[in-house]
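The values are calculated or read from the model by the stated rules, or taken from the named source; none is laboratory data. In this text the structure is predicted, and so the values were computed from the model without any measurement. Cβ sites come from the backbone with ideal geometry, for glycine too, and all protein chains shown count toward neighbours. Note: areas computed on protein heavy atoms with side chains; ligands, DNA, RNA excluded. Shrake-Rupley method; radii C 1.70, N 1.55, O 1.52, S 1.80 Å.
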Amino acid sequence: SLGTVFRRLLKNKRYTGGVIAQFFYIGAQIGVWSFTIRIAMQELGITEAKGATIYLCTIIGFSISRFIYTSLMKYIRPSLLLAFGGAASTCCALAVAFSAGSGWFLIIALGLVSFFMSLMFPTIYGIALEDISKGPHPDDAKIGASGLIMAILGGALVPPVQAMISDSAGIYTSYLIPAFCFVVVFLYALYIDRQERTELF
């Protein structure tokens, strides 16, 4: 029954952690991208059109990075790459939060957030479902996949919180919210990597 499937999924920490990580990742992604043009305009004193060009460059970097990460997965465990991406994105988001007035340094840090986070959605998705699809109840992965897709709700709930921080404390400080979200992804990746290393040895 559906209830039985849900109970099995809820007992699977690898899966439930993946749903939580996915929720916060999507929230961070939408938040970072929603504020990119505005922060570029404010930091560099440029027009909205030029801010949009910077935003486009971050999307291109995001796309290129996806191919790089995919190539690296032949040699490095996905969980380890996910941990690296989470840590790097956290550092870059913190750089944005605390380097107001630094000009292009801040803009580059902002662009690198997109570069480092590009592997997160598919990697979290695959890691969270891996044990389920290979386990005694592989059909549970169908419901599990739905849960991971529903986690994009984070994109609707996290950005408004970032907007509230932006209105009350400034747009730079608001990037502490994506930084926190990336920490959640980083901790999930560490948990999975530790689990995988235990299984190997």
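Worth a mention:
- A 1.4 Å probe, protein heavy atoms only, puts the accessible area of Leu81 near 10 Å².
- 13 Å beta-carbon shell around Arg8, net charge (K/R +1, D/E -1): +2
- Centre-to-centre, using Cα atoms only, segment 120-143 and segment 59-93 are separated by 20 Å.
- Protein heavy-atom surface of the chain, 1.4 angstrom probe: 71% of the accessible area is carbon and sulfur, with nucleic acids and ligands not counted.
- Choice from Val161, Val32, Val184 showing the highest fluctuation, given a GNM over the chain with Cα pairs closer than 10 Å: Val161
- Couplings 3J(HN,Hα) for segment 143-160, derived from phi with the Karplus relation 6.51 cos²θ - 1.76 cosθ + 1.60 (θ = phi - 60°), are 6, x, 4, 4, x, 5, 5, 5, 5, 5, 4, x, x, 9, 9, 6, x, x Hz, where x marks Gly and Pro.
- Alpha carbon centroid spacing (whole Å) that separates segment 151-201 from segment 15-39: 7 Å
- Here segment 68-201 is described by how far its Cα atoms reach on the three principal axes: 54, 31, 23 Å, from widest to narrowest.
- For segment 17-66: rounded, prolate or oblate by the Cα gyration tensor [a/c cutoff 1.5]: oblate
- Members of Lys74/Lys142; Lys74/Lys134; Lys11/Lys74 lying beyond 22 Å, as alpha-carbon distances in this model show: Lys74/Lys142; Lys11/Lys74
- Cβ-defined net charge surrounding Thr53, 15 Å radius [Lys, Arg +1; Asp, Glu -1]: 0
- The chain: calculated mean residue ellipticity at 222 nm from DSSP helix runs of at least 4, using -39500 (n - 2.57): -28500 deg cm²/dmol
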